[in-house]
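Just so it is clear, none of the values below were taken in a lab; they were calculated from the coordinates. Small disclaimer: the values here were computed from a predicted structure and weren't measured. All Cβ positions, even for glycine, are placed from backbone atoms using ideal geometry, and neighbour counts span all protein chains on display.
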Amino acid sequence: FVDLGYTGNFENYYDPRNSYLNEVIDRRVGLPITLSIVFLELAHRVGLRARGLSFPGHFLVSVSEGNGDIIVDAFDGGVCLARGRFLDRLLEKGEENISLAVLESTLAPASKSEILLRQLRNLKAVYIEQGEFEKSLNIVNHMLTIEPDLVPELIARGDLYGSLGYSRGAVMDYERALAQMPAGDLQSEVRSRLGRMKEQAQHFH
């Protein structure tokens with residue numbers, strides 16, 4: 001992996017190309033998750049037991065060896081740490097009240113669908129930041145094809161529909177999201193957005 005020249009794109013982290021595997025393979029730069037996917041494929045081809053770890057904020061890889069698991073940061077040049085030492089380092093950097101059990105839970109293996117959803121979520125955020133709402137909408141549609149009842153993505157698609165003037169689509173997604181949400185501040189906010197979209201839908205009827 002290192003010999004092939006793969007590295008994190010520190011200079012242009014939010015370049016959309018960092019989220020497309022064909023671009024990552026051609027350019028040898030990418031995000032933690034896309035570089036980890038490349039690392040996982042290489043590891044599997046040489047017979048290593050490797051799994052993706054959906055660690056918050058930074059996707060990682062776990063490689064199983066005889067003496068335990070090794071944590072690999074594909075974004076940082078394939079830096080390796082023993083699992084125990086990695087957890088110790090996180091405890092040193094984090095808040096004192098973070099338990100070892102909580103840290104262990106963040107290193108649970110990610111399924112293929114979880115990896116894909118996280119990759120798409122990154123790309124959606126980049127396109128929204130760039131004002132590319134049509135492209136972001138396309139990404140959210142893919143996400144909801146994988147998991148049709150993802151409340152955050154239903155809300156996100158409702159927002160995107162609203163930004164693009166598709167008020168009826170926004171109403172449908174907000175209503176679907178509200179049907180699955182517990183009471184709280186976010187529910188109140190979504191109800192407010194729903195009311196605005198209903199007014200717009202009636203205006204353009």
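So here's what we get for this one:
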item	result
Pairwise Lys count, the chain - Cα closer than 26 Å, eight or more residues apart or different chains	5
Relative contact order of the stretch 7-105, defined on C-alpha pairs under 8 angstrom at six or more residues apart (%)	19 percent
Over the chain, relative contact order from alpha-carbon pairs under 8 Å, at least 6 apart, %	13 percent
Extension gain, Arg49 back to Ser111 (0.36 nm per residue minus Cα-Cα distance, nm)	20.9 nm
Extension gain (nm, one decimal) between Lys198 and Arg83, 0.36 nm per residue minus Cα-Cα	36.2 nm
Per principal axis, descending, Cα span of the stretch 112-203 in whole Å	39, 28, 20
Overall Cα dimensions of the stretch 1-81 - principal axes, largest extent first, Å	38, 26, 17
Helix 151-163 vs. the chain, principal-axis angle (Cα, 0 to 90°, nearest 10)	50 degrees
Taking all pairs of distinct alpha-carbon atoms in the stretch 43-165, Kirkwood radius in angstrom	16.6 Å
Cβ-Cβ FRET estimate between Glu175 and Ala125, R0 fixed at 22 Å, reported to 0.05	0.35
Taking the stretch 112-203 and dividing mean pair separation by its residue count, relative contact order in percent (alpha carbons under 8 Å, at least six apart)	21 percent
Rg [Å, one decimal], Dmax [Å, integer] - the stretch 36-85, C-alpha atoms	10.1, 29
Read-out mean projected area of the Cα convex hull in nm², derived from the coordinates shown; its label in [x] 12.4; [y] 13.9; [z] 11.4	[y]
Candidates Asp149, Asp185, Asp69: whichever shows maximal mean-square fluctuation once the chain is modelled as a Gaussian network with Cα springs under 10 Å	Asp185
Other-chain or far-sequence residues with amide H under 5 Å of Leu53's (modelled H)	Leu60, Val61, Ser62, Ala110
Sequence-distant residues sharing a close amide H with Tyr14 (under 5 Å, placed H)	none
